[in-house]
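A.B. asks: Pasting a structure here, questions to come.
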Amino acid sequence: MSAPSWDAARMGEALDFVPQGIAVFDASLRLLSSNQPYQRLLGMPDELMRAGTPLFDMALFLADRGDLGPGDAARLAIERINQLTALPVSVTERKGSGGQALEFHSSRLPDGGLVVSCTDVTDRLRAEQAIEEAKQSLEARVQERMAALTRLNLELESARAKADAANHDKTRFLAAASHDLLQPLNAARLYTSTLIERAKSTSLADLANSIEASLTAVEDIMGALLDISRIDSGALKPVPTAVAVRDLLKKIEVEFGPLARERHISLRIKASNATVLVDRAVVGRIVQNLVSNAIKYTQPGGKVLVGLRKRGNRMRLDVIDTGIGFNKDQQRLLFVEFSRLERGARMAQGLGLGLSIVQRLVAGHGLTLELDSKEGRGSRFSLFLPATRTVRAAAEAPSAPSEANFGMQGLKILCVDNEAAIIEAMEGLLRHWGCDVRSALSLKQIDRERLLEGWYPDLVLMDYHLDQTSGLDAIEWLRHNVGGHLPAALVTADRSPAVRALAEDRGIAVVTKPVKPAALRATITGLANQSRSPIKRVG
């Protein structure tokens, strides 16, 4: 073999500064040139790194040393040479004598020669391994976290389902319990109302009024707790319909007019022909609570105004009073359950639940409530309602006349209730008002005792929860047998919107238990006006 040229020698010296090991072999696979990193990385002795050394001798040395693995050294050397030369370009890896990871790139030259480069990739492989381990660890942590989140979501879903079930059970329990409790309470209210009227101008008047006040407090507490339970359990679902504001306001006037007059407070209701798109029962409950509070916390001789104003594309329903009012620092306490301002607590009884119910209803039905007040001068509560022009409101129900026009002497009233005590108390009150009353515990008793033979009622007061049928169906049976236009009122402790809606669909008024005498009188008078119109009797 000829000595390397000057250029080749200079090239070899330059390659010593390259970090990769490089060796060049001729077509006979004899070493032409190599750099020092190649010798160092492979741990080759000087005599094997001279020009002209066969590649086989170098491979055999490595095999004898154990670098190429266990087995016959000559066979391993030939296999290693085949790996380097079998393809035009190849990349292989193996362990070095020091345990380091070596990567070999081999390329065949056009003249049949071979170029081999060697790189220590130990650090790179360690970094790659660390990255892979980190990736696997991260994936494992992600999977663990996802599994934990899945378990947590399942637990939360289970807890939510249990809470919902508990809320529904609580609502059903309170509804059933309130009905059972309101039945005797209703009888007590009716007995007390009779006692109040008979005890006027006697020494028992104050005692009767005190009993009435206590019964009213019990009723208010039960109603508030039941309302909160329904709201919190989601049982009250909004059903927006076109509602004539005049209907809402007339109900307020009928319900609170007698109370306002009794307390010597001027209750002024401003008429309106506007129509709003709201849930009738929900908005009615909100306005009831606001007006009730206004009257409760207004001194005798004060004023309460309820009216409607247009504000943009909404209607603003105002409840304004000249009551005790409150300052800004006290405002946040108004909507807290069982929280009452000191002056208000001295002025009127209560638990402080009315405005809490209002806030829940407003928030749950997407409405807006604003308030403004000055301590000692009064308050304004404003409920904003969406107006509508595209849907006509339901026809207005015949209005009940005020007590000034009241006349019930000789009015024929049929009362049906499955509680004997309620029947007895209702009979006593109605007869004191001059009514001709017949009563029964069931439809079977009416039929068995032939109560309607020769006696046709002007109207019927029907309990909703009868033993064998509902009050609504019982009214339909009576209308079929007595007269298709028989005026009727459903007297019930069930305050759900569904029952009220069913009654309204059939043209039946609703009186909630415990019965308030003023509301009952107003309802009866309104029904009596209906009965005075010509109707066809069916025998």
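The values are calculated or read from the model by the stated rules, or taken from the named source; none is laboratory data. These numbers were taken from a predicted model, which means no experiment stands behind them. Methodologically, a virtual Cβ is constructed for each residue, glycine included, from the backbone with ideal geometry; neighbour enumeration extends over all protein chains shown.
A.B. asks: Of all residues in the stretch 354-374 being aliphatic (A, V, I, L, M) and in a strand (DSSP E or B), which is surrounded by the fewest Cβ atoms within 10 Å (Cβ to Cβ)?
C.D. replies: If we take residues in the stretch 354-374 being aliphatic (A, V, I, L, M) and in a strand (DSSP E or B), then Leu371 is surrounded by the fewest Cβ atoms within 10 Å (Cβ to Cβ).
A.B. asks: Another question, if that's okay. Is it fair to say Ala74 is small (Gly, Ala, Ser) and more than 21 Å from Gly21 (Cα to Cα)?
C.D. replies: yes
A.B. asks: List every residue pair whose Cβ atoms sit under 7 Å apart, with the two residues 6 or more apart in sequence or on different chains, where the first one lies in the stretch 106-127 and is exposed (fewer than 12 other Cβ atoms within 10 Å of the Cβ) and the second, anywhere, is modelled with pLDDT of 90 or more.
C.D. replies: Every condition considered, the pairs that remain are Asp111/Ala27.
A.B. asks: Output the residues belonging to the stretch 477-501 that are surrounded by 16 or more Cβ atoms within 10 Å (Cβ to Cβ) and either part of a helix (DSSP H, G or I) or of a type in the set (Lys, Arg) (or both).
C.D. replies: Leu478, Arg479, Arg495, Pro497, Val499, Arg500
A.B. asks: Could you please let me know if Ala224 is modelled with pLDDT of 70 or more and touching a helix residue (DSSP H, G or I) at 6+ places or on another chain (Cβ under 8 Å)?
C.D. replies: Judged against the criteria, Ala224 is not a match.
A.B. asks: State all residues of the stretch 45-102 that are outside any helix (DSSP H, G or I) and among the hydroxyl-bearing types (Ser, Thr, Tyr); if no residue qualifies, say none.
C.D. replies: Thr53, Ser90, Thr92, Ser97
A.B. asks: When only residues in the stretch 437-474 that are at pLDDT 90 or above and among the β-branched types (Val, Ile, Thr) count, which is farthest from Gly507 (Cα to Cα)?
C.D. replies: My answer is Val437.
A.B. asks: Checking the structure you have, find out if any residue of the stretch 322-341 is assigned by TED's automatic domain parsing to the domain that holds Ser272, among the β-branched types (Val, Ile, Thr) and modelled with pLDDT of 80 or more.
C.D. replies: Yes; the residues of the stretch 322-341 include at least one that is assigned by TED's automatic domain parsing to the domain that holds Ser272, among the β-branched types (Val, Ile, Thr) and modelled with pLDDT of 80 or more.
A.B. asks: Here is a further query. Please work out if Gly112 is assigned to a loop (DSSP other than H, G, I, E, B), over 22 Å from Gln39 (Cβ atoms) and either touching a strand residue (DSSP E or B) at 6+ places or on another chain (Cβ under 8 Å) or in the same structural domain as Arg40 (by TED's automatic domain parsing) (or both).
C.D. replies: yes
A.B. asks: Which count do you get for residues in the stretch 503-517 that are assigned to a strand (DSSP E or B) and β-branched (Val, Ile, Thr)?
C.D. replies: 3
A.B. asks: Would you point out the residue of the stretch 419-469, among those that are over 16 Å from Gly483 (Cα atoms) and of a type in the set (Val, Ile, Thr), that is farthest from the chain's Cα centre (by Cα)?
C.D. replies: Top of the filtered list is Val437.
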